[in-house]
Amino acid sequence: MLLAIDCGNTNTMFSILDGDTTIATWRTSTEWQRTADQYYVWLSSLMRFQNLDVHIDEVIVSSTVPRVVFNLRVLSDRYFNCRPLVVGKSDCALPKEPRVDAGTAVGPDRLVNTAGAFDRHGGNLIVVDFGTATTFDVVDDDGAYIGGVIAPGVNLSLEALHNAAAALPHVDISKPQAVIGTNTVACMQSGVFWGYIGLVREICARIKAERGREMKVISTGGLAPLFQQSEALFDAFEDDLTMHGLTVIHRFNKDIA
């Protein structure tokens, strides 16, 4: 079975997959100091808790935190007796190579989202990922990543407001009842929520205009459901897009081996 690992700036997700079927998924905080042994103790404990008796013999990793990759490689080698595929490394082929400026390193998460979105929706896409950063990935008609946009993440913006302005509290993001807030928390929530609605709408509109064609807009990431319910911004929401993209890339590498 395949162990797919998606390591983001904030959280790391582990999924065990049998083909396209997800057996189990767990999430932990991303900490580069965590050793391979610690990963295995945590992972094996969760497997026992769910009475999972599975044999993991393949591993694929996508990581936006380079320092984490070494211990994930050790985890794969020591406990699963296999060499992991690491997205973005030379020995991990992509269904379509990105078309960007020479020398540009594209984030593995963006490559994986591109592969997963193209597999499910075809080409001419904008993939909006609400993570630590809010990213916009542009997918060409043949499935190649051709560039995009990076904006501060929603929670990052709220945290910056709280840290930079002594009088402003820490608040959770939610859809406000009205645009005009009548207290500090409501004002902050309105500014962030409607601000990001405007940001997504404007950036997507400008991408479509620059490309001169109609494009599907796909949302993913932890806060995507919050924005999915408003303003008809997206054509589809994919809660497992990154994991699906990892299976697509893994399958592609097996097919060409």
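When every residue of segment 180-191 is checked against the conditions, none turns out to be surrounded by 20 or more Cβ atoms within 10 Å (Cβ to Cβ), among the hydrophobic types (A, V, I, L, M, F, W, C) and at pLDDT 95 or above.
Of the residues that make up segment 130-138, is at least one in contact with a Lys or Arg (Cβ under 6 Å, 6 or more places away or on another chain) and either open to solvent by 20 Å² or more (accessible area, probe 1.4 Å) or modelled with pLDDT of 95 or more (or both)? Yes: segment 130-138 contains one or more residues that are in contact with a Lys or Arg (Cβ under 6 Å, 6 or more places away or on another chain) and either open to solvent by 20 Å² or more (accessible area, probe 1.4 Å) or modelled with pLDDT of 95 or more (or both). Of the residues making up segment 220-257, those that are crowded, with 16+ Cβ neighbours inside 10 Å, among the hydroxyl-bearing types (Ser, Thr, Tyr) and either touching a helix residue (DSSP H, G or I) at 6+ places or on another chain (Cβ under 6 Å) or farther than 20 Å from Gly123 by Cα (or both) are Thr220, Thr242.
Contact map, segment 135-147: first residue farther than 19 Å from Val200 by Cβ, second residue aromatic (Phe, Trp, Tyr) and not in a loop (DSSP other than H, G, I, E, B), Cβ cut-off under 6 Å, separation 6 or more or different chains; pairs are Gly143/Phe118.
Val106 - would you say it is in a strand (DSSP E or B) and either β-branched (Val, Ile, Thr) or at pLDDT below 95 (or both)?
Numbers: in a strand (DSSP E or B): no; either β-branched (Val, Ile, Thr) or at pLDDT below 95 (or both): yes.
When the stated conditions are applied, Val106 does not pass them.
Selection of segment 61-82 for residues being open to solvent by 30 Å² or more (accessible area, probe 1.4 Å) and either of a type in the set (Ser, Thr, Tyr) or without any contact (Cβ under 8 Å) to a residue 12 or more places away in the chain (or both) yields Thr64, Pro66, Phe70, Asp77, Tyr79.
Residues in segment 168-227 that are farther than 28 Å from Val112 by Cβ, touching a Phe, Trp or Tyr at 6+ places or on another chain (Cβ under 8 Å) and of a type in the set (A, V, I, L, M, F, W, C): Val179 alone. Restricting attention to segment 153-207, the residues being of a type in the set (A, V, I, L, M, F, W, C), closer than 23 Å to Ser219 by Cβ and in a loop (DSSP other than H, G, I, E, B) number 3.
Within segment 58-91, the set of residues being within 24 Å of the chain's Cα centre (by Cα) and in a loop (DSSP other than H, G, I, E, B) comprises Thr64, Val65, Arg83, Pro84, Val87, Gly88, Lys89, Ser90, Asp91. Tell me which of these Ile150 doesn't satisfy, since it passes every other one: (1) outside any loop (DSSP other than H, G, I, E, B); (2) surrounded by 15 or more Cβ atoms within 10 Å (Cβ to Cβ); (3) aliphatic (A, V, I, L, M). Of the numbered conditions (1) outside any loop (DSSP other than H, G, I, E, B); (2) surrounded by 15 or more Cβ atoms within 10 Å (Cβ to Cβ); (3) aliphatic (A, V, I, L, M), the odd one out for Ile150 is (2).
The residues of segment 153-179 that are open to solvent by 80 Å² or more (accessible area, probe 1.4 Å) and β-branched (Val, Ile, Thr) amount to a single one, Val179.
The values are calculated or read from the model by the stated rules, or taken from the named source; none is laboratory data. A quick note: this is a predicted structure, and the numbers were derived from the prediction, not measured. Reconstructed Cβ throughout: ideal geometry from the backbone, glycine too, with neighbour counts over all protein chains shown. Just the protein is used for accessible areas: all its heavy atoms, side chains included, with ligands, DNA and RNA removed. Shrake-Rupley method; radii C 1.70, N 1.55, O 1.52, S 1.80 Å.
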